[in-house]
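What follows is a set of notes on a single structure, which appears directly below.
The values are calculated or read from the model by the stated rules, or taken from the named source; none is laboratory data. A quick note: this is a predicted structure, and the numbers were derived from the prediction, not measured. Glycine gets a Cβ as well: all are built from the backbone with ideal geometry, and neighbour counts include every protein chain shown. Only protein heavy atoms, including side chains, enter the accessible area calculation; ligands, DNA and RNA are left aside. Shrake-Rupley method; radii C 1.70, N 1.55, O 1.52, S 1.80 Å.
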Amino acid sequence: MLPALEQVFEGLLIVTRSPKSTNAGPVGTDKPRRRLFTRRRVLTTGGVVVGGALVLGTAGANITRILGAGAVRPEDSPFGPYLRIEADGSVIVANAFQEMGQGVHAGLAAIVAEELDADWDRVRVETAPANAAVYGVQGTAGSNTIATSWDRMRKVGAAARAMLVQAAAARWNVSPARLTVADGVVRHAASGRSAGFGELVGAAAAFEPPQDPPLKRPNQFTLIGTPRVRRLDSLPKSTGAQIYTQDVRLPNMLTAMVARSPRFGGRLRRFDDRDARRVPGVVDVFAIPTGVAVVAEHAWAAQKGREALRILWDDSEAERRSDAEIAAWYRDIADGRVQHGSTAFGAKGDPDAAFAGDLFETSMTLPFLAHGPMEPLNCVAQVDGLDVTLWSGTQLQTPDQVAVAAAMGTAPGRVRINTLSAGGSFGRRGVLGAHYSVEAARIARRTQGRPVKVLWSREDDMAGGVYRPMAHHKITVAVDEAGYPKAWRHRAVAQALLPVVPPQQTIEGVEPSPYLEFAETVDCRVYSPRLAISTGFWRSVGHSHTFTALEHAIDQLARRANIDPADYRRHIYSRVNARSYLDVLNLACERAGWGGPIESGWARGLAVGRCFGTTVAQIAEVTLTPAGPRVRRVVAAVHCGIAVAPDLVAAQIEGGIIYGLSAGLYGAVRFRDGIVQNPNFKDYRSVRMHEAPEIETYIVPSADPPTGVGEPGTPLITPAVANALLVLTGKATRRTPLIEA
């Protein structure tokens, strides 16, 4: 996924047009800029500024240079762009990612504070501006924020600590080795002298940061891994002080809503705006590439003006099938009844010889899913010539800059993004092409410099946004005498999320997989049909559907071989040395009482998988009621390396399970004649409080570098429930949702 996105960024850059004024460079004199750049190079990774979760290893110098074209470099801190220490001793950590509820403010701050030996009570976090020249490619995806920031932010804290120690040593004329640091105070035990960070920060700025500062060993951590690391934004979010895009109020600001085609692929043919313009408060009505924009003095006028529009849509290229018809088409593709191009993956052995005799076959169809964040999409935009300013809860700051710049004919660095907290996202605000930001900028270009807030209603988003693609998996397995897979054939059908690269997201979870590694012969193909329906990254991306198909198939195979599903998995994981799988499986089984007694009418279901570097096992206790499955308890075991903030790990796993359970039980975007039939929460249900299970999360102790937990809790609950239902009913699940509306 990550290299693929770099290719996408390159593609976005190619279409970016360079305006005449892109030669406007950073301000200030050359000499101080060179010095600051030296500090940045030391305090970032490997001499190349890497600020985004979307880029591992190196960010191409070309990409960061072009992304930053036209950007103004801000004043830097002596400790680099990620850390500032105030004269009062306060420590401010810059978060170049999006905080959308996953707790990265606390996680990133804790990593810096640990190495800095700061007073945790005096640590704050500020969201960094979108600035490729300083932070590289910025984006929050793939549960990568902590994992990709681990080394860099440790070095930031350790380097700053060394500079503060040097400043104190020089002041007291003692060896730095004789000084200790704790809770934001540097001490010299022999003389009894001490000084807080605030007293030393000015002198510390005179020292160059060490290039390779010593880092603590995990057994020296006093903050990381403790319950002290708790959310830093709970209070403003609890009191309502937190500012989201919806809260932005700017002088002279307008509000806009857009009438978009009710069918994906529909185009505007013509419209009559006479009644809309008669609505008091409506300022302007005009066509844009995504529909008809109604600009007004306030939201009510914008909405009423939009309702008064009379529009004729051109549906000649629109999608008009129902979701059931699309699902049937997918099944025909997987079964070979419809010829469709495909891409092979994970091929090994001789499939012609391997698939013969007694074969196991199963399939799973999973629907389109909406993201459903509590805060619907919105964006505030202001355009002043070639300068564009956005206020947005985006997940992809610098890719958004590229997309908006391409649409507006300016340089990416002249698209200023004020990143605000997002009221949930789950991938919805991480759309390549930044359609809602581009739309807002285009509307703002018509408002003569007045800022404009573009609002999406929940129905706008749920009926016309982007979805987790529908997917169909067909699995055929030849087994050995003991019932274990010796040949695995997999046919996956789903829209590709990234059209410029192979459909990697469709197969993540299948490849790599211990089951395919275990099988001697593998014959896997992925089909990527093209539809007008917009799809995008949904929490856990491809794993959200592949794990359901894979883990339910494994339980069916275990049942067929008359082997306990946990033992069946242990045998496979042991044979392929999948250590983390064994760890979570054994821990979850132990804590859940796997194999022990359970009341009549209840059953336990198990699922295990590795998602974005984190391995998770979940065991669900399920019963079947007339209304459908009821889940009362879920036990989760997690192998995520060092747990920087254990409470937040548990919170993410809990949230991921509730989100995944909602999708598994109820989630499906329904189409009839190409029009979405369930565009709001009343008919696109989530698990409600009285339905929520008790969730227990256990973390496998580890000294490995941390991996992410924002998404890995989501994709395993549905197969765990399906596997419990297999015990209760003896019937395999062939599709989700498990409860039809």
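Pairs of Cα atoms nearer than 8 Å and 6+ residues apart set the relative contact order; for region 601-692 it is 20 percent.
At a Förster distance of 45 Å, what's the computed FRET efficiency of residue 228 paired with residue 356, Cβ-Cβ distance as r, to 0.05? Taking R0 as 45 Å, the efficiency between residue 228 and residue 356 is 0.15.
Summed over the residues of the chain and divided among them, the accessible surface reaches 39 Å² per residue at a probe radius of 1.4 Å. Remark: region 277-291, residue by residue, has Karplus-estimated 3J(HN,Hα) of 5, 7, 5, x, x, 6, 9, 7, 9, 7, 7, 10, x, 9, x Hz, where x stands for each Gly or Pro and the curve is 6.51 cos²θ - 1.76 cosθ + 1.60 at θ = phi - 60°. Using θ = phi - 60° in the Karplus curve 6.51 cos²θ - 1.76 cosθ + 1.60, the 3J(HN,Hα) couplings for region 704-720 round to 6, x, x, 10, x, 10, x, 10, x, x, 7, x, 9, 5, 5, x, 4 Hz; x is entered for Gly and Pro.
Shown for the chain: the carbon plus sulfur share of the solvent-accessible area, taken with all protein chains present and a 1.4 angstrom probe, equals 50%. Of all DSSP beta bridges confined to the chain, the antiparallel ones make up roughly 75%.
Using the Cβ-Cβ distance between residue 267 and residue 206 with R0 set to 51 Å, the FRET efficiency from 1/(1 + (r/R0)^6) comes to roughly 0.25.
Restricting the calculation to Cα atoms, the chain shows an Rg/Rh of 0.99 when the hydrodynamic-style radius is the Kirkwood one.
Highest mean packing first, where packing is the average number of other Cβ atoms within 10 Å per residue, the peptides 472-484, 507-519 line up as 507-519, 472-484.
Annotation for region 681-734 versus region 208-283: alpha-carbon center distance of 27 Å. Note: relative contact order over region 245-403, using C-alpha pairs below 8 Å and six or more positions apart, is 22 percent. Among the GluC sites (Glu not before Pro) found in region 78-125, those both in a DSSP coil and sparsely packed, with 16 or fewer other Cβ atoms within 10 Å of their Cβ, are 86. Phi angles of region 643-649 translate, via the Karplus equation with coefficients 6.51, -1.76, 1.60 and θ = phi - 60°, into HN-Hα couplings of 7, 4, 9, x, 5, 6, 4 Hz per residue; Gly and Pro are given as x. From the square roots a ≥ b ≥ c of the eigenvalues of the alpha-carbon gyration tensor of region 446-572, which class results: rounded (a/c under 1.5), prolate (a/b over b/c), or oblate? Prolate, because a/c is 1.5 or more and a/b exceeds b/c.
The modelled label-to-label distance for the pair residue 482/residue 579, using points 7 Å beyond Cα in the direction of Cβ, is 2.3 nm. Normalised by 2.2 N^0.38 Å, where N is the number of residues, the C-alpha radius of gyration of region 639-702 stands at 1.52.
For the peptides 409-417, 317-325, the ranking by mean Cβ contacts within 10 Å, running from highest to lowest, is 409-417, 317-325.
Assuming charge only on the beta carbon of Lys and Arg (+1) and of Asp and Glu (-1), the dipole of the chain about its Cα centre is about 1560 debye to the nearest 20.
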